[in-house]
Amino acid sequence: MLDPQSRVAPLSAPEFFARVRERLTLETPAGLTDPSVTPVRGDHDADPVMQKISEVRPIRPAAVLIAVVDHPEPTVLLTQRAQHLPDHPGQISFPGGKIDKTDADPMAAALREAEEEIGLSRDLIQPLGYLDLYMTTLGYRIVPVVARVEPGFALTLNTSEVDVAFEVPLDYLMADANMERHSRQWQGVERHYYAITFGERYIWGVTAGILRNMRERIYR
């Protein structure tokens, strides 16, 4: 559980979006493709030994969309990956994926992936800024795009990639008591990671790590 001294107060939707605009930019972060730059944030936040492993992996640039829906009580739109996928089946994630050569920037990649995966129209999305570049154990360098999303949308899921899409209250994801540090065995090694339990949903790993970074950047 997080240090009690790091506790933060909830924000209303206008306060949240205003603070995102003040604190973040849409300038592509240094280190997205530069092997000489090691991202400060990543899986190694919870498990420092993973940094050395991540640094020797081939760099895989990617982007995800943190879609914050502008309800009176804002929510974050998440997906559950299809169970038949070879990588991370059934895990909860943000819409997103690798940055293609045809993508103008990480924002374009995140918008394209959200439209392809869940049918979220880019006309309803207002990108506001990038969080810190996030490095995973497998070498992905992920740019999280925080965006305001108009409510009332209809989704069309690409079932080859996504089983379900759902919303979680932003206040719940940002609450101190709901972010925990867990561990499990992976290839004979004990791995540590951050996790949030929401009913029957278990939000962990990269997704929880990025939410933790958003909490640090926007709420402190």
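The values are calculated or read from the model by the stated rules, or taken from the named source; none is laboratory data. Everything quoted here is computed from the prediction, not taken from an experiment. Neighbour counts run over all protein chains shown; Cβ positions are idealised from the backbone, glycine included. We work out accessible area using only protein heavy atoms, side chains counted, and drop any ligands, DNA or RNA first. Shrake-Rupley method; radii C 1.70, N 1.55, O 1.52, S 1.80 Å.
Numbers at a glance
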quantity: Flag if Leu133 is modelled with pLDDT of 95 or more, open to solvent by less than 20 Å² (accessible area, probe 1.4 Å) and under 14 Å from Leu155 (Cα atoms); calculated: no
quantity: Segment 147-164 - residue that is of a type in the set (D, E, K, R) and outside any loop (DSSP other than H, G, I, E, B) and, of those, surrounded by the fewest Cβ atoms within 10 Å (Cβ to Cβ); calculated: Asp163
quantity: Index of the failed condition, Asp103 passing every other in (1) closer than 28 Å to Glu200 by Cβ; (2) at pLDDT 95 or above; calculated: (1)
quantity: Segment 191-215: number of residues that are polar (S, T, N, Q) and touching a residue at least 24 places away in the same chain (Cβ under 8 Å); calculated: 2
quantity: Neighbours by Cβ (under 7 Å, 6+ apart or cross-chain): first from segment 53-81, assigned to a loop (DSSP other than H, G, I, E, B); second of a type in the set (Lys, Arg); calculated: Ile59/Arg141; Asp70/Arg148
quantity: Qualifying residues in segment 81-100 (those that are surrounded by fewer than 18 Cβ atoms within 10 Å (Cβ to Cβ) and modelled with pLDDT of 95 or more) - the one nearest to the chain's Cα centre (by Cα); calculated: Lys98
quantity: Segment 108-130, subset in contact with a Phe, Trp or Tyr (Cβ under 8 Å, 6 or more places away or on another chain) and open to solvent by less than 50 Å² (accessible area, probe 1.4 Å), residue farthest from Ile210 (Cα to Cα); calculated: Ser121
quantity: Test: residue in segment 56-74 that is more than 28 Å from Val164 (Cβ to Cβ), surrounded by 14 or more Cβ atoms within 10 Å (Cβ to Cβ), modelled with pLDDT under 95 and in contact with a strand residue (DSSP E or B) (Cβ under 9 Å, 6 or more places away or on another chain); calculated: yes
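Results for (1) part of a helix (DSSP H, G or I); (2) surrounded by 19 or more Cβ atoms within 10 Å (Cβ to Cβ), shown as yes or no for each residue.
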{"residue": "Phe166", "(1), (2)": "no, no"}
{"residue": "Asp171", "(1), (2)": "yes, no"}
{"residue": "Arg181", "(1), (2)": "no, no"}
{"residue": "Glu190", "(1), (2)": "no, no"}
{"residue": "Tyr194", "(1), (2)": "no, yes"}
{"residue": "Ala208", "(1), (2)": "yes, yes"}
{"residue": "Glu216", "(1), (2)": "yes, no"}
